[in-house]
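Report on the structure given below.
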Amino acid sequence: MKIKQGKMKLRTVVTLFAFLIGFGVVVAQQPSQPSFFKDVAALKTKDSVAYPPPNSILFTGSSSFTKWTDVNAYFPGYKIVNRAFGGSSLPDLIHYADEVIIPYQPKQIVIYCGDNDLAASDSITPQIVLDRFKQLFIQIRNKLPQVHILYVAIKPSPSRERLMPKMVQANNLIKNFLKTNQYTAFADVYQPMLIQGGKPNPTLFLKDNLHMNASGYVIWQKVILPYLLP
């Protein structure tokens, strides 16, 4: 009797162990959510409450736009929709373009992205940033062939000062690429954010030395405004 009970306990333990292993495999095989899934879901929730009107000016890209929460106050008289998300990079914009860019049918798209691409890895070159931007550009133009695309230059910041040579190269590559295409413009916010000696102006940034304060956005306002479509 004891032997039978022992065998039953052993079978129970083995079965339970196999179940746990199988459960672990199933959990491991579950696809993880892509980066910024929750951020994009939050944008869709906002759209469900009040969907942006067509022919607006769409701001998209990374956190320098995300944190520009009062962007409409800087550009009175313009219909601006801010759909930037998190610390996104160009591959993230490419991934979500059909969700947070194309559906809005904007008359102009203002893009700030590429900063985080360079910061992600030393292996990311200015050429890679350009290639990624080209992919995004083509993706947009295939769906919205007449839309005007304004690229805002990668900004210099104290926390990423070591990347400035790469930023200059990436900015120049993208600027030259845009010159070869219709309905485009390049807003150079890089130069106005420098002080004597070619260093980033620290008074334009928050304590993290990466994101801008109101003074930084005033500079962006002055540079971007002449390029916005009426």
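The values are calculated or read from the model by the stated rules, or taken from the named source; none is laboratory data. Please read these numbers as outputs of a predicted model, since none were measured by experiment. A quick note on method: Cβ atoms are made from the backbone with ideal geometry, for glycine too, and the neighbour counts reach across all protein chains shown. Keep in mind that these areas ignore ligands, DNA and RNA; they rest on the heavy atoms of the full protein, side chains included. Shrake-Rupley method; radii C 1.70, N 1.55, O 1.52, S 1.80 Å.
With no solvent and one point per C-alpha, what does the Debye sum give as log10 I(q)/I(0) for the range 172-222 at q = 0.17, 0.30, 0.31 Å⁻¹?
Once normalised to I(0) and log-transformed, intensities are -0.63, -1.09, -1.13.
Taking the Cα-to-Cβ direction at LEU206 and at ASN55 and moving 7 Å from each Cα, how far apart do the two end points lie in nm?
Result for the modelled spin labels: 3.6 nm.
Please identify which residues in the range 88-116 have an amide N closer than 16 Å to a label point set 7 Å out from the Cα of LYS134, following the Cα→Cβ vector.
Answer for the range 88-116: 91.
Ignoring ligands, DNA and RNA, what percent of the accessible area of the chain is carbon or sulfur (1.4 Å)?
Carbon plus sulfur share of accessible area: 60 percent.
Going by Cα centres, the range 143-203 and the range 90-116 are how many Å apart?
Centre-to-centre distance over Cα atoms comes out at 17 Å.
Compute from the Cα atoms of the range 31-132 the Rg and the Dmax, the latter being the longest Cα-Cα distance, and quote both in angstrom.
Calculated on Cα positions, Rg and Dmax stand at 14.0, 44 Å.
Would you report the distance distribution of C-alpha pairs in the range 88-230 as whole percents per 10 angstrom bin, up to the bin with the largest distance?
11, 41, 37, 11, 0
Suppose the chain between TYR78 and SER215 were pulled fully straight at 0.36 nm per residue; how much longer would it get relative to their current alpha carbon spacing?
The span from TYR78 to SER215 would gain 47.2 nm if fully extended.
In debye to the nearest 20, how big a dipole does the range 65-217 give about its Cα centre with +1 on each Lys and Arg Cβ and -1 on each Asp and Glu Cβ?
Using Cβ point charges on Lys, Arg, Asp and Glu, the range 65-217 gives about 300 debye.
Quickly work out the GLN127-to-ALA42 label distance, labels modelled 7 Å from Cα along the C-beta direction, and quote it in nm with one decimal.
3.8
Could you do me a favour and compute the accessible area per residue for the range 115-173, 1.4 Å probe, result in Å²?
Working: 2420 Å² over 59 residues.
With the other protein chains kept in place, the range 115-173 gives 41 Å² per residue.
Hey, got a sec? Which trypsin sites (Lys or Arg not before Pro) in the range 134-230 land in a DSSP loop and have at most 16 other Cβ atoms within 10 Å?
The qualifying sites are LYS207.
Could you tell me how many cubic angstrom of Cα convex hull volume the range 121-179 has per residue?
86
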